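Remarks on the structure that follows.
No lab work stands behind these numbers, since they all come straight from the coordinates. As the structure is a computational prediction, the values presented were derived from the model and not from experiment.
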C-alpha cells in the first residue's frame, strides 16, 4: 500500500461505518416486524419525531424554499442563497449573501471524551450582508464568476440574469453593487462559470426553451455589463444541465429531449478541424441514435477532471459515458492536476471525441446528480458517483470499465438524492437528500464510512 493510501485512510477516522447506520426494510415492515399498512390505519397512536441539529450556525431569513447555494471561489466563508420570497404563486424571488466565518467551530470528538463539564454547544444565528432583489420569480441559480469571484450572477424563473459586483475587503467587509441585467429567455434552468483564466468573468446558462447562452461580464462597465459571446439553439427541449471542461475550452449541455452537445465556444476545436458540419459543436448525440437513447430525457452532467470523458444521467435511471475530444497542445497548454499528474488533454495531437464508452443502468428512477473524482494517481483511480430519485447512490470505477464499486440503497431514508459531490481529488463523497440530511461517505474499497448531519 502506498504512502498516499495511508494518508487517505487517516482522512475520516472518526466517521461511522455505513453498515452501522444504513438499513433496508423489506416487505413494508418496520424494525419491530410490524406491518406498515397496519400502523397507518391506527389513528390513536402518536408519532414521535426526533430532530437533531448538528449545525454550527444557521440563517433563517428566508420565508420559503431555497433552490440554490453558491460559495465564493476565493473567500470560502462568503455564501449566497436564493429562492422564493414567499409561498404565494406570485411571490418574487429572493436571495441573500452572508458570512459564516463568525460561526464557532465544534470539537471533533463527542462530548463523552471531554474531561471537564459538558455543555451543550451553541448554534450561531447568521445575519444578512446583502439582499438580492429585483427578480419577479424564484431565484434558481447562483454562481460567482471565476477566477476571482468579482461578480455574483443570479438567475431564475423570471428569465432574468442579474450581475452583482462583489468587492471583498477584509477585515472591513463586503461591498455588493448591482451591476446590470439581461433577459433573453422566459426561464433560466442553470448557470455555470467558465474556469478558463483566458476568459475571466464568463458564464453559460441553459433555458427552458432549450437555448444556451454565453455571457462575459465587464465589472468596469455598468452600461454594458453583460455581453453576449455565443448563443445556441440546437436542443429540442428544455436545457436541463451544463458544465464546462476544466480548462474552460468546451461547454457541454444536455436536454430533456435526450440530446448532448459539446460546444466549441472559443473556436479552439475549429482551429484544429474537429468541429461538426454545423460549425458549432464538437460532439452531437441525440435520441435518434438508439445507442444513446435515454427514455425521459437527460437531467444531469459531469466531466472528468482530466477532461477525457463526460457522463450524463437520464430520466430512466441510466447513465451514458461519452469520450471528449482531445485538443492539441497549441489549444490546451500542458498543465498539472495538482497531484503530480498531467492534464488529460495536454501535450498530444488533437483527436475527435463523441464515442459512447459505456451505458450504465443501476437505478430505477431519474439520475439527478453526478460527480467525478480522480481519487488516486498511483494507481490511477477515477470514480463516478450517481444519485437518483430512487434514493440510491452508485459509485462506478471508471478505470475498471465502470464496474460498480459501491451501491448504497435508501441512503436518505428512501427520499430522493438531490446532490452528490466529491471533495476534489479524494475518496470522500458528500450527498444531500430530500430528507434534509447531509451525509459524507468514504468510498474506499477497505470499507465505507458515513457521517450524517441534519438541521
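Enter the Cα centre distance for the pair the range 370-395 and the range 185-215, rounded to the nearest angstrom. Cα centroid of the range 370-395 versus Cα centroid of the range 185-215: 25 Å apart.
What shape does the range 185-274 have by the C-alpha gyration tensor, where a ≥ b ≥ c are the square roots of the eigenvalues, rounded means a/c under 1.5, and otherwise prolate means a/b greater than b/c and oblate the rest? The shape class here is oblate.
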